[in-house]
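Okay, structure first, notes after.
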Amino acid sequence: MHRLKFFSMFLVLSCCLFNGSLAQAQSTNPLTSGASKNSQAKSDSSKKTPTKPISESPLQAPELLIAERVHVGQLPCELGASIHLSADAHSPGYFNLQGKGYKYRMHPVSTSTGAIRLEDEKAGAVWLQLANKSMLMDQKNGRRLADECAHPNQVAVANDMKINPPPALIDVSNVVTSIKR
């Protein structure tokens with residue numbers, strides 16, 4: 001059972017990382033596009049009257065089901081980093097993620113693999129939650145911001161995987177060798 005879980009987690013992670021690399025390859029340079037947008041937004045805001053911020057659209061049932069499975073709280077990560085992930089009480093299904101030097105507004109996204117994926121499309125941030133760990137990735141810059149983040153439930157799964165290791169992806173221990181004639 002544990003071996004099957006590990007194999008499925010491996011597939012989930014590899015699919016998510018593959019999708020992230022495709023998105024990164026298709027994205028534009030955030031340094032040049034972000035700077036011009038910020039300067040344009042500042043000049044436009046001084047000319048126009050204040051407007052109401054765009055409201056977030058309510059999430060559909062599949063996304064709300066995903067949101068129920070998200071681990072929230074202070075999550076310690078590798079190298080002494082930590083992430084604080086909290087659910088928004090006013091907008092069901094939305095999450096606020098904070099770390100050292102960044103804040104993201106995340107919402108769940110359905111995946112074909114079943115992995116829990118939260119995204120901040122505007123910032124290009126992706127939070128992936130697997131059974132044994134979570135990670136935060138910056139798709140625009142193609143790098144991980146935090147890895148090996150773990151909720152106590154994920155720590156328990158990781159420890160169980162150490163005790164009962166999953167099988168190798170290619171198990172050749174039971175392969176019968178052919179006899180050469």
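Derivation of every value follows stated rules applied to the coordinates shown; laboratory data play no part. From a predicted model like this one, the values you see are computed outputs, not experimental measurements. Cβ: placed from backbone, ideal geometry, glycine included. Neighbour counts: every protein chain shown.
In the set Pro152, Pro165, which member is in contact with a helix residue (DSSP H, G or I) (Cβ under 9 Å, 6 or more places away or on another chain) and not aromatic (Phe, Trp, Tyr)?
Numbers: Pro152 fails: in contact with a helix residue (DSSP H, G or I) (Cβ under 9 Å, 6 or more places away or on another chain).
Going through Pro152, Pro165 in turn, just one is in contact with a helix residue (DSSP H, G or I) (Cβ under 9 Å, 6 or more places away or on another chain) and not aromatic (Phe, Trp, Tyr): Pro165.
Within the range 56-73, residues that are free of Cβ contacts under 8 Å to residues at least 60 places away in the same chain sit with their Cβ atoms under 8 Å from residues that are part of a helix (DSSP H, G or I) and surrounded by 11 or more Cβ atoms within 10 Å (Cβ to Cβ), at 6+ positions apart or across chains, in these pairs: Leu59/Ala67. If you go through the range 91-112 and pick out every residue that is farther than 11 Å from Val70 by Cβ and either surrounded by 15 or more Cβ atoms within 10 Å (Cβ to Cβ) or free of Cβ contacts under 8 Å to residues at least 24 places away in the same chain (or both), you end up with 12. On the stretch given as the range 116-136, residues that are in contact (Cβ under 8 Å) with a residue 24 or more places away in the chain and either within 13 Å of Gln154 (Cβ to Cβ) or in contact with a Ser or Thr (Cβ under 9 Å, 6 or more places away or on another chain) (or both) total 11.
Taking the options Ala156, Ala146, name whichever one is part of a strand (DSSP E or B) and either exposed (fewer than 13 other Cβ atoms within 10 Å of the Cβ) or among the aliphatic types (A, V, I, L, M) (or both).
Ala146
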